[in-house]
Amino acid sequence: MTTASTDTATGTTGERGDILAVAREQVLERGEGLSEAQVLEVLQLPAERLTEALALAHEVRMRWCGPDVEVEGIVSLKTGGCPEDCHFCSQSGLFDSPVRAAWLDKDRLVEAAKQTAKTGATEFCIVAAVRGPDEKLMEQIRVGVAAIRAEVDINVACSLGMLTQDQVDRLAAMGVHRYNHNLETARSHFPEVVTTHTWEERWETLQMVRAAGMEVCCGGIVGMGESLAQRAEFAVQLAELEPDEVPMNFLIPNPGTPFAHLDVPQGPDALLTIAAFRLAMPKTVLRFAGGRELTLGDLGAEQGMLGGINAIIVGNYLTNLGRPVEQDLEMLETLKMPIKALNDTL
Amino acid sequence: MFCSFCGGETASGDHERCRARLSLIDPPRYCAECARKMVVQVDPMGWTARCSRHGERTSAEAAQR
Ligand code: SF4
Ligand SMILES: [Zn+2]
Ligand SMILES: [Zn+2]
């Protein structure tokens, strides 16, 4: 089947050679991520080459990142009522979503960090549904982060929207070690997803975070109506950012949101995207985030772990529930993938 | 009785997809007794959902049912 040198149905591309063969040499051997055109070729591979693509992505992950899996827990400190209009988000106050505003108190926040640490997780991310933090939120973060750092052995990350330079500096001074701010999708697709702020504004926050010495966590959501070309564009835009971590979410069509009518991404499509992202970013922490339960199920989760993923969020998400923690920990044990230890991350 | 996912009456309409979501990834959003939107807090290991009229439910209680 793959002998015809120009047969696009088999994913071979004539003179440039088969994309997975090229990736083996370029990404696996040399550690150099695929270009946008190359990522697109991977995303266009026919279904029968999915297994091969996943196997290569797994080899790349093992070679450049090792077998360890970084485990993280997340919690919503401030839920709902956000003034922004991200079309996938059930926490926007602009849509008729069933998600009502809620605040988590400090004791429950610290308890959530403790429960997360018990799973073996090394990362705990505090998230707020805001455009950017106000003084009240900054103060809650200051108190919360201090309490967690005093009582729990875990790295604290935050995700609080767009920041000013002063806020970046203050978070760094509090000891926040990583900051999450997703670009969400390709720059060219962003205006179809968000209209209340720009991709560039998000990019600016990420640059400030990096300059202040915090680790950069930046990913997005697959399945928001983007084309394969835009998915490739996004992978490469992320690679250019050189984030320490990329969380990969798969769209959950949430009631009341403008994307409620979109389909849940298909498993094979999601898996090939995982492989392609790993081949674009051989050395980044690539994390399974929201939506994997709907899109991939239990079997697909294992395939993803064997297809380029090297980090997971365990337990529940912000407004959605995850599968039981024990199930994820058992999966890692079955796959013989050790949980990354805290002293390896400092 | 009302569907905790969509808030519709359970006796009318098709709630199969609602039940699937509730069994997989969604906490209850509407009070089953009065269909009010509840204030829901999800945390890493569970959730609490509070109706202003009918009080609080938790994931721990739900698991015992
Ligand atoms: S800024 Fe965050 S919380 Fe607000 S609508 Fe967008 S994704 Fe949702
Ligand atoms: Zn329903
Ligand atoms: Zn009620």
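Taking the Cα centre of chain A as origin and charging only Cβ (+1 Lys, Arg; -1 Asp, Glu), how large is the dipole, in debye to the nearest 20?
Working: 29 positive and 50 negative charges, 117 e Å.
Its charge dipole is roughly 560 debye.
Any chance you could check the Cα centroid distance between the range A:28-81 and the range A:224-282 for me, in angstrom?
For the range A:28-81 versus the range A:224-282, the Cα centre distance is 11 Å.
Output the lone cysteines of chain A: those with no second cysteine's C-beta under 4.7 Å from their C-beta.
A:CYS65, A:CYS82, A:CYS125, A:CYS158, A:CYS217, A:CYS218
Under 1.5 on a/c is rounded, so check that first for the range A:289-345, then, if it is not, pick prolate when a/b is larger than b/c and oblate when it is not; a ≥ b ≥ c are the square roots of the alpha carbon gyration tensor eigenvalues.
In terms of gyration-tensor shape, oblate.
I need the Kirkwood Rh of chain A: take the reciprocal of the average 1/r across all distinct C-alpha pairs and report it in angstrom. Intermediate values should be presented prior to the final figure.
Working: mean 1/r = 0.0491 Å⁻¹.
Mean inverse Cα-Cα distance, inverted, gives 20.4 Å.
Run the accessible area of the range B:16-64 with a 1.4 Å probe and give the carbon-and-sulfur part as a rounded percent.
On the way: 1150 of 2560 Å².
Roughly 45 percent of what the probe reaches on the range B:16-64 is carbon or sulfur.
Assuming a strict under-19 Å limit between Cα atoms, what lysine pair count do you get for the protein assembly as shown once near-sequence pairs (fewer than 8 apart, same chain) are dropped?
10
Limiting things to C-alpha atoms, what are the Rg and the maximum Cα-Cα separation (Dmax) for the range A:38-187, in angstroms?
Final numbers for Rg and Dmax: 18.7, 53 Å.
At what distance in angstrom do the alpha carbon centres of the range A:95-123 and chain B lie from each other?
19 Å
So what are the range A:141-256's ellipsoid semi-axes, whole angstrom, largest first, if each one is the square root of 5 times an eigenvalue of the alpha-carbon gyration tensor? Please list the in-between numbers first.
Values: eigenvalues 152, 46, 35 Å².
Computed over the range A:141-256, the values are 28, 15, 13 Å.
Using the Cα gyration tensor of the range A:219-327, with a ≥ b ≥ c the square roots of its eigenvalues, what is the shape: rounded (a/c below 1.5), prolate (a/b larger than b/c) or oblate (neither)?
On the way: a/c = 1.59, a/b = 1.14, b/c = 1.40.
Note, shape of the range A:219-327 comes out oblate.
Would you calculate, for the protein assembly as shown, the mean residue ellipticity at 222 nm contributed by helices, counting each DSSP H stretch of 4 or more residues as -39,500 (n - 2.57) and dividing by all residues, to the nearest 500? It would help to have the intermediate numbers written out before the result.
On the way: 15 runs with 151 residues, N = 411.
Roughly -11000 deg cm²/dmol at 222 nm, from the helical runs in the protein assembly as shown.
If I fit a long axis through the Cα atoms of helix A:165-174 and take the longest principal axis of the Cα atoms of chain A, what angle between them do I get, 0 to 90°, rounded to 10?
For helix A:165-174, the angle is close to 80 degrees.
For a test of the definition: using alpha carbon positions, the gyration tensor, and the 1.5 limit on a/c, classify chain B as rounded, prolate or oblate. Numbers along the way, then the final one.
Working: a/c = 1.95, a/b = 1.26, b/c = 1.55.
Cα axes put chain B in the oblate bin.
Helix A:50-64 versus the longest principal axis of chain A: what angle, 0 to 90°, nearest 10, using Cα atoms?
Once rounded, one gets 60 degrees.
The values are calculated or read from the model by the stated rules, or taken from the named source; none is laboratory data. This is a predicted model, so every value here is computed, not measured. Virtual Cβ from ideal backbone geometry, glycine too; neighbours counted across all protein chains shown. Each accessible area value is taken on the protein alone, full model and side chains, heavy atoms only, with ligands, DNA and RNA left out. Shrake-Rupley method; radii C 1.70, N 1.55, O 1.52, S 1.80 Å.
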